[in-house]
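Take a look at the structure set out below.
The values are calculated or read from the model by the stated rules, or taken from the named source; none is laboratory data. Model, not experiment: these values are computed from the prediction. Quick reminder, even Gly has a Cβ in these numbers, built from the backbone with ideal geometry, and neighbours come from all protein chains shown.
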Amino acid sequence: AWEKYTVPEGNDVDSIARSIVHHTTTTLARTPYNMDDFGGYQATAHSVRDKLIQDWNETQQYHTIKDPKRVYYLSLEFLLGRAMDNALLARGLKEPYTEATKQLGFKIEDLLEEERDAALGNGGLGRLAACYMDSLATLDYPAWGYGLRYTYGIFQQKIVDGYQNEVPDYWLTYDNPWELPRLDISIEVPFYGHVSKYSDENGRTRHKWEAGEIVQAVAYDVPIPGFDTNNTINIRFWSSKPRKEFDLAYFNSGDYNRAVEDQKKAENITSVLYPNDNHMVGKELRLKQQYFWVCASLHDIIRRFKKTDRPWSEFPDQVAIQLNDTHPTLAVPELMRVLVDLEGLEWDEAWNITTRTFGFTNHTVLPEALEKWSVPMLEHLLPRHLQIIFDINLFFLQTVEKTFPNDRDLLATVSIIEESQPQSVRMAFLAVIASHKVNGVAALHSQIIKDTIFAPFIKVLGPDRFTNKTNGITPRRWLHQANPDLSNLIAKKLGSFKFLKELSLLDGLSKYANDEAFQKEWMDIKYKNKVRLTNLIKERTGIEVNPNALFDIQVKRIHEYKRQFMNILGVIHRYANLKKMNAAQRKAVVPRVVIFGGKAAPGYYIAKLVIKLINSVGEKVNNDKDIGDLLKVVFIPDYNVSVAEVIIPANDISQHISTAGTEASGTSNMKFVLNGGLILGTVDGANIEIYEEIGDDQIFLFGARSEQVEDLRHVQRYRNVPMNPELQAVIHLIENGTFGESHIFQPLINTITVGKDYYLISVDFGSYLESNELVDEAFKDKKAWAQKSILCTARMGKFSSDRAIKEYAEDIWNIDPVPVPDKK
Ligand code: 26Q
């Protein structure tokens, strides 16, 4: 009988309005008379959610029947941002929903603004995971994401007296329509305890881990709709809950308080995202998060595999698991434990299955970001896993020893165990040894990891294990959604929206780059986007900027290696120059708005001082009547995905100025150029490949090359090099109190003067200033600038995350698309 009762459907305006009213009265229990924008958003979200759930169901059922090889993307961070606009555009429902909400008295833009960002990530790595899920869905791949459902996402940044303050991001205050609680899917995750040995029926020694504590993992599923396809994949986020069977021992002893304490401890595990970007903290709770997530995810994957009675040898033909950095590396000993301890496989077969299953992506070479976990901590929390890690290391070192006899140094360099005090586990080495492919995230970075942190493994494992997968971004969110006017103009010019799924088609714009009428349409949209950002800046900071000025933007996490400090030092130099000019000279100046945004890790003192300095300089410059619109300095508070969607389309220039060799890839560089901006940047990360695509005339590159950095650091450290005089003058201005009490900034200045200028600001400062002048000159020629802007967008095809995902699918995962057919 079920077949004849189909779910009410209809994507016409009337049906949509009816479903919004339905959710208003039932789901929200509100009446049309007391509706505000937030209620309007919630009801609309539930209506959209209904559509997603149906596609999601179809997809999962179809995949279950087809049972193809699937890829599982394990990431501790998914920086998804808002879901509603994305879902409407993906399903081609933006127009009828705009009309339906209008008929109900709303403006859809206002409703979209009511949604809170899902901010379960720090920065690049988390946003990359989100873009990759979008591409996996859009390209019809059978894929899953696995993550943690943090109660608190990345903190909200408030600026108080120029300083960053952190406010907890309690994002689940109201219900989250974009998740489906799966209270029926729950997995028990063990911790602590001890390992015992026993002999099995074949007389073989086996290990059994008796846990000291068990926590429950409950699944929350978030559907990810593909663009213009039925495929709707799933990210499963685990939430920790106390076990239903609470500890009888406490109950019997009457220790109620202790029992409640233990329950609270369980909920603690998924409470908060660690707010450190590119910096490892060795806290036990972080390690607990990692195991909790890895254990639940693997058992879920294995449960799905076991539904089809295949032999274990076929596991790698059905399952590819990608490790997003080393954060999920405990999946390696966990899979080994399942196969050897629980399933009774021989070690060698288990190891073969493991290495064929895993792929590992490295995202950084910064030493302070590489994960190392203390052996005693691991032993306490996960005693059996530590044994397995030692065994993996032992067998690995034995094979190394066989091939390279008597090379004790080599053994020590490639050992998973670092002989520190106490010993520690090098997670990256474990991930390299256990994966069939290891990739960096841009060409330069993939070369650097082969030359530095993983160099000895080339010798031991051969060069084929290492490969490059240059990052990409989804053009759906970062062009179509963030910059709808530009997307529409492109579609008009190219005849369709096909470029959104085949980004190389943008190249068809090149031939209009010189067309004056097209240039005008193009730059009119840029101007409109700059007005939109001008309004946001006014709202959030009170600062008024002129949309005709050159918008120069650096938004990303605040980190010494990213050198926001160098940017603001350059701004001070510019300010000092302006002050020296006479009226005639000022007439020739290109007015500039220098825009910053980004969060500093709460414990990162120097990064927080950089924020304070930016705000202090802004305070001085913006209130200097003498300067007016010639220079403005803005720090936009609480940079996040939804703010990025307003900022990026408004850029003329964006800065990506890391010390060469330190930024693995960068992905915002791609977003800015895709939106018709030019880069001012160093020869680092993906900047290099962007340059190769768009050409010399469309980018301003400067500074030391990565091959020179080591020597330059040595020179900074041991020779008394005189400081660049312009930099000297700038530092003098800070020290003489031009930007408020100078003692505040002394520790920051010391990183260059007393410290060894590890990030080489004094080395690059001269060429940085020169490049900035070239930017000004280029901006004066409006026609040439418009042409450059168009060519930038036209030549960004390579940087679609669709290209990246296809490469992963073909070279690493060995999976095929499984298009979900239309309903009859
Ligand atoms: C590790 C251990 C304990 C606590 C925190 C961490 C941790 C958390 C986040 C370590 C690193 C991260 C994030 C790294 C990151 O975002 N890397 C960026 O990845 C981007 C996508 O590949 C690149 O484009 C950027 O260049 C890279 O910095």
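What to note about this one:
- Strands (runs of 3 or more DSSP E) lying entirely in the stretch 388-492 (those with 2 or more residues that are touching a Phe, Trp or Tyr at 6+ places or on another chain (Cβ under 9 Å)): 424-426, 437-440
For (1) away from the ligand (no atom under 13 Å from the Cβ); (2) free of Cβ contacts under 8 Å to residues at least 60 places away in the same chain; (3) buried (at least 24 other Cβ atoms within 10 Å of the Cβ), each residue gets a yes or a no:
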| position | (1), (2), (3) |
| --- | --- |
| SER642 | yes, no, no |
| ILE647 | yes, no, yes |
| THR659 | no, no, yes |
| THR662 | no, no, yes |
| GLY676 | yes, no, yes |
| ALA686 | no, no, yes |
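- Subset of the stretch 538-585 [assigned to a helix (DSSP H, G or I), free of Cβ contacts under 8 Å to residues at least 40 places away in the same chain and within 24 Å of PRO649 (Cβ to Cβ)]: LYS538, GLU539
- Considering the stretch 271-305, the residues that are more than 15 Å from the ligand (Cβ to nearest atom) and surrounded by 22 or more Cβ atoms within 10 Å (Cβ to Cβ) include one that is farthest from GLY598 (Cα to Cα), namely ILE301.
- Residue pairs whose Cβ atoms lie under 6 Å apart, sitting 6 or more positions apart in sequence or on different chains, and linking a residue in the stretch 275-291 that is outside the structural domain of TYR639 (by TED's automatic domain parsing) and within 13 Å of THR329 (Cβ to Cβ) to a partner that is of a type in the set (D, E, K, R) and surrounded by fewer than 22 Cβ atoms within 10 Å (Cβ to Cβ), are MET280/GLU371.
- Members of the stretch 23-59 that are out of contact with any helix residue (DSSP H, G or I) (no Cβ under 8 Å at 6 or more places or on another chain), more than 16 Å from PRO223 (Cβ to Cβ) and not hydroxyl-bearing (Ser, Thr, Tyr): ALA29, ASN34, ASP36, PHE38
- One residue from SER240, SER196 being in the same structural domain as ARG304 (by TED's automatic domain parsing) and either modelled with pLDDT under 95 or in contact with a Lys or Arg (Cβ under 6 Å, 6 or more places away or on another chain) (or both): SER196
- All positions within the stretch 746-780 that are part of a helix (DSSP H, G or I) and among the hydrophobic types (A, V, I, L, M, F, W, C): LEU748, ILE749, ILE752, ILE761, VAL763, PHE765, LEU769, LEU774, VAL775, ALA778, PHE779
- Search result, residues across the stretch 47-68 that are under 17 Å from ASN11 (Cα atoms) and among the aliphatic types (A, V, I, L, M): VAL48, LEU52, ILE53
- Considering residues of the stretch 363-416 that are hydroxyl-bearing (Ser, Thr, Tyr) and touching a residue at least 12 places away in the same chain (Cβ under 8 Å) only, the residue farthest from PHE457 (Cα to Cα): SER374
- Of residues in the stretch 357-395 being of a type in the set (D, E, K, R) and within 14 Å of the ligand (Cβ to nearest atom), the one surrounded by the most Cβ atoms within 10 Å (Cβ to Cβ): GLU371
- Meets criteria (within 16 Å of the ligand (Cβ to nearest atom), among the β-branched types (Val, Ile, Thr) and more than 23 Å from LYS620 (Cβ to Cβ)) for ILE790: no
- Lone qualifier among VAL338, VAL332 - being touching a strand residue (DSSP E or B) at 6+ places or on another chain (Cβ under 8 Å) and in a helix (DSSP H, G or I): VAL332
- Qualifying residue in the stretch 595-611 (condition: farther than 30 Å from VAL167 by Cα, away from the ligand (no atom under 14 Å from the Cβ) and not in a helix (DSSP H, G or I)): no
- Count of residues meeting criterion [touching an Asp or Glu at 6+ places or on another chain (Cβ under 6 Å) and of a type outside the set (S, T, N, Q)] in the stretch 634-676: 4
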